[in-house]
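The values are calculated or read from the model by the stated rules, or taken from the named source; none is laboratory data. Everything numeric in this text was worked out from a predicted model, so none of it was measured. Cβ sites come from the backbone with ideal geometry, for glycine too, and all protein chains shown count toward neighbours. Surface accessibility is based on the protein's heavy atoms, side chains included, excluding ligands, DNA and RNA. Shrake-Rupley method; radii C 1.70, N 1.55, O 1.52, S 1.80 Å.
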Amino acid sequence: MASRFYVTTPIYYINDVPHLGTAYTTIAADVLCRYHRLRGHESRMLTGTDEHGLKIQRAAEARGVAPGAHADEIAAVFRATWPKLGCAPDDFIRTSEPRHKKAVQELWSRIKARGDIYLGHYEGLYCVGCEAYYTEKDLEQPGNVCPLHKKPAESVKEESYFFRLSRYGDALLDYYKRNPTFVQPASRLNEVVSFVREGLQDLSVSRTTFEWGIPVPDDPKHVMYVWFDALANYMTALREPEDNTRFWPADVHLVGKDILRFHAVYWPAFLLSAGYGEAELPRQVFAHGFLTYSGQKMSKTLRNTISPVEVASALSEAAAAALPGSPGAADVGVDVVRYCLMRAISFGQDGDFSLQDVLSRYGSELGNALGNLLNRVLPFAEEVPAKGASGPLEEELAGAHRQAAAAAATAFDANQPTRALDAIWTVIAAANLYIDKAAPWVAKKTDPARLGTIIATLIEQLEAISVMISPVMPVVAGRMREQLGLPPIAFEEGSDRWPMALPSRAPGEKLRRGSPIFPRLEKEKEAELLARFAPPRPDAEPGKADAKAAPEAKAAPAASGGAEVAAPPARQGKSPVAFDDFARLDLRIGVVTSAERVKKKDRLLDLRVDTGDGAPRRIISGIAASYAPEELVGKRVVVICNLPPRDFGKGLVSEGMLLTAEVEGRVRTITIEDAAPGTPVL
Ligand code: MSP
C-alpha cells in the first residue's frame, strides 16, 4: 500500500486578504504535496480560513457588515486565490462550517470529560491582533505594548473556562525528547523547550464578552477561545464530507515562526488531553521565517501593494510580450514567483523577496541555466537519436544526476525545498558544462553517431529535470515535456516517479522544439516592472518601529546577507556604491569561442564569447598586447553583459567587456575554471 502524506497550512485570518506572507506558506505546502504525489504517496493538502474571534468581529463591525457575511466574502477571496498561484489544496476548511463546529464541540467535551476543563475567572492582558494572552513580561513597557502589533494589549476580566495546560509540561518535554524532529528547524526547538520548562500556566479557553465564536457545549454564553477552535481544523477537516481520517496524524503543519508556540505546545497538549496517544500527535511542526519585501517589513500597506498574484501575472505578461505571437510564455509568471519564493529564501530562515532579485533569477537561473539548456539541445534533433556507448563525459554527467536526484529527494523529504532546488540546479549546471565539453557542434560536422549520443544523453537529463522541478514549477515542467515530446507526468499511488535512475527514450520518438520558456526581458520592461512594484515608502514615522525597515536605514538584499551600516569606515579607493547599484551589473562567465586580431588596430582583439545567450556575443577587447588570440580560445572569462554597446568604428560594436587586472605591466583576464557559460557572477 502506498504511504501517505498530509500537509497543512495555517488557516488564515479573514481580517486580511491573501498576501505574500500567506502565499509563501501555501505555495510551500503545495510544493511538498506535489513532491509526495510524485513519489506515489497518497497525499493531501489542507488550507482554509480562521473566521472566529474578537479580531474578526471587530473587522466586520468596522465595515458595517455582519461577521458571517464578512466571512463569506473574504473566505471566497482566499479560496479563489490559491489556484491562481498554482496551488491545488485538496480541501479548504472554514471554521464557520457546521462540520468544523460539531467536531470542535466534541473535542471540547472529550477534554472536559477528562477533567481538564474547569470554570474560573481570567484577569490579565490580551492582544487582539495575536488573539493571545500575555503577561507584562511578554510585552514592551511602558504601556504593555504587543511587540508584534505595536498596540497596547487590552485588559480582560471575565468568567472563563480554563484548560489544564499545566498538567502537560512533562508529557510535552518527553515527547520533544523522543521526537527530536517534531519542531523544525531544530534551532526553534530550544525556544519551545525553554517555554515549556519555565512552567506552563493553565490556559483561558473561553470568552463571554463577545459572541462571534463556537458556543461552549452546555454553556452557550461562553464562546471558545479562537485558537482552541482553530487548531482543531487540522483534524476536523478529515471527518467530513468524506472520511479522510486515515491521513491523521499530519506529517507536517507548516506555520510561521510567530505561531509556533500554539502548534508545538497547545495543540499537542489538547490532543494528549483528549486521549490521543503519542503516535497520534502531528509528526512535525515546521516554522518558516518571515519575509520582507525589498528590505521592508510587510506593513499592511505593503502587503496590499505587493499582491503575489499580480506580480505573477505581470511577469507572465512581460514574458509573453517578449515573444510576440507565441502564447507559450503566457502563464510562466506563477512558476517564476513560486520558484523565487522557494529558492531565494532558505526555508526556515527569514529572508527578503524583491522584484530585482526575481528578475535576476529569471534571467540567470531560469533563462540562462534551465531554459538555455533546452534551447541548446533541441536545435540538434527533431527526434530522439540513438544513443551509442557512453564515455567519461557521459559518466560524469550521470554521476552528477545521481547525486542531485538523491540530494533533492532527501531535501524534499526533510521539508527543505530550498535545498532541493539547490541540488537540482547543480545538475542543470553540469548538463550545461557537458555541452561545452562534449561540443555537439563539432560532432555534428565530424561524427554523427557521437552527436546522437550527446543529444540522447541530454534528452534523458532534460526529462529527469522536468520531473524534479515539477513540484515547484508545474507549468514549466509541462512546457519542457511538450518540447521533449513527452506526455504530462502520470501520477499513480504506489508508483514512484522520482528519477533516481535516468529515464531512457526510444530512438525515433518525436521532439517538438518550441519557443523559449523564459524569453529574455528587455531592460525597459524590467524597469517598468520594478517601478510598478516598487515598495511604497514605509508608513511609520522615523523613530517608530517600522522606520527601522526603511531602505535608507536597512537594506537586506538576499544576495548580500546582512544589513548596510550607516557609515562605512573610510578606506582608500573609489566612493561607495549602493548594493542595489552593484547588483544591477549583469556579470557572467563566458567562454571565448573565437579570437582574432583587428586590422590596423594593434591593441584590439575581436572575440566571440558564449555567455549563455544561445549565440555568442561579440566583444572587442583592448588586450592584444598581452594575449595572442589563440591563448584566449576556450578560456572562461568574466564578462559584464549589460553595458551599452560600444562602437570602436568600422562596424566593430562590442556587446560587453571582459574583467581584467594589470599584473606587472601585463593585462590579465580574470578566469575561472569549470563553470558553464552564462553562470552568474554575484
Ligand atoms: N489564524 C492564525 C493561524 C491559525 S492556524 C490554526 C493566523 N493567521 S494569519 O493570517 O495571521 O497568519 C497566517 C500565517 O501567515 C502565519 O503562519 C504567519 O506566520 C504568516 N505570515 C504573515 N506574515 C508573514 C510574512 N511577512 N512572512 C512570512 N509569513 C508571514 O496566524
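Things worth noting here:
- Spherically averaged projected area of segment 326-403 from its Cα convex hull (nm²): 7.9 nm²
- If the convex hull is drawn through the Cα atoms of segment 487-531, its volume per residue in Å³: 180 Å³
- Principal-axis analysis of the Cα atoms of the chain puts helix 332-344 at an angle of about 80° to the longest axis.
- Antiparallel content of DSSP bridges confined to the chain, in %, to 5: 70 percent
- Taking a sphere under 15 Å around the Cβ of Lys177 and counting the other residues whose Cβ falls inside, with K and R at +1 and D and E at -1, yields a net charge of -1.
- Relative contact order, percent, segment 375-510 [alpha-carbon distance under 8 Å, six or more residues apart]: 36 percent
- Folded to 0 to 90 degrees: helix 523-532 orientation relative to the chain principal axis, Cα: 10 degrees
- Proportion of all alpha-carbon pairs of segment 185-322 beyond 21 Å (%): 62 percent
- Reachable lysines from Lys137, criterion Cα separation under 18 angstrom, eight or more residues apart if same chain: Lys150, Lys151
- Rounded to 10°, Cα long-axis angle of helix 169-178 versus longest principal axis of the chain: 30 degrees
- Fraction of accessible area attributable to carbon and sulfur, segment 448-511 (%, probe 1.4 Å): 58 percent
- Cut-off 12 Å between beta-carbons: net charge of the residues surrounding Thr245, Lys and Arg +1, Asp and Glu -1: 0
- Peptide packing for 294-303, 83-92, 32-41 was compared via the average number of neighbouring C-beta atoms within 10 Å per residue; ordered from the highest value, the list is 32-41, 294-303, 83-92.
- Value of relative contact order over the chain, rounded to a whole percent, pairs C-alpha under 8 Å and six or more apart: 13 percent
- In plain terms, the bigger the Kirkwood radius, the slower the diffusion; for segment 372-469, with that radius from Cα pairs, at 25 °C and 0.890 mPa s, Stokes-Einstein puts D at 177 µm²/s.
- Column: log10 I(q)/I(0), Debye, Cα scatterers of segment 596-681, q = 0.19, 0.22 Å⁻¹: -0.87, -1.17
- Counting only Cα atoms, segment 212-290 measures 37, 32, 24 Å along its principal axes, largest extent leading.
- The value given for segment 162-249 is a Kirkwood hydrodynamic radius of 15.5 Å, derived from the mean inverse Cα-Cα separation.
- Equivalent ellipsoid dimensions for segment 443-516 as semi-axes, Å, which come from the Cα gyration tensor, largest first: 25, 14, 10
- Solvent-free Debye scattering, log10 I(q)/I(0), computed from the Cα coordinates of segment 295-450 at q = 0.18, 0.20 Å⁻¹: -1.20, -1.31
- By the rule of a C-alpha distance below 22 Å, with chain neighbours fewer than 8 residues away ignored, the lysines paired with Lys101 are Lys55, Lys112, Lys221.
- Sorted on the mean count of surrounding Cβ atoms within 10 Å across their residues, most packed first, peptides 265-272, 448-455, 521-528 read 265-272, 448-455, 521-528.
- Computed Kirkwood radius, in angstrom, where 1/r is averaged over Cα pairs of the chain: 28.0 Å
- Cα gyration tensor shape of segment 28-134, rounded if a/c is under 1.5, else prolate or oblate by comparing a/b with b/c: oblate
- A 1.4 Å probe run over the protein chains yields, for segment 611-665, 52 Å² of accessible area per residue, whole-number rounding.
- Surface composition of segment 1-51: carbon and sulfur atoms hold 50% of the protein heavy-atom accessible area at a 1.4 Å probe.
- For segment 601-663, the relative contact order works out to 31 percent when only alpha carbon pairs closer than 8 Å and six or more residues apart are counted.
- Estimated Rh, segment 290-364: Kirkwood, alpha-carbon pairs, angstrom: 13.0 Å
- C-alpha center-to-center spacing [segment 422-462, segment 232-257] in angstrom: 45 Å
- Accessible area in square angstrom per residue, segment 283-393, 1.4 angstrom probe: 33 Å²
- Distance violations [Cα-Cα > 19 Å] among Lys523/Lys650; Lys387/Lys444; Lys84/Lys523; Lys445/Lys510: Lys523/Lys650; Lys84/Lys523; Lys445/Lys510
- Ranked order, Trp212, Trp441, Trp227 - accessible area, probe 1.4 Å, largest first: Trp441, Trp212, Trp227
- Shape parameters for segment 74-127, alpha-carbon atoms, Rg then Dmax in Å: 17.5, 47
- Cysteines (scope the chain) whose Cβ has no counterpart Cys Cβ under 4.7 Å: Cys33, Cys87, Cys340, Cys641
- The residues of segment 436-545 present an accessible area of 51 Å² per residue when probed at 1.4 Å with all protein chains retained.
- Taking a sphere under 12 Å around the Cβ of Cys130 and counting the other residues whose Cβ falls inside, with K and R at +1 and D and E at -1, yields a net charge of 0.
- Within the accessible area of segment 284-382, the carbon and sulfur atoms contribute 53%, probe 1.4 Å, all protein chains present.
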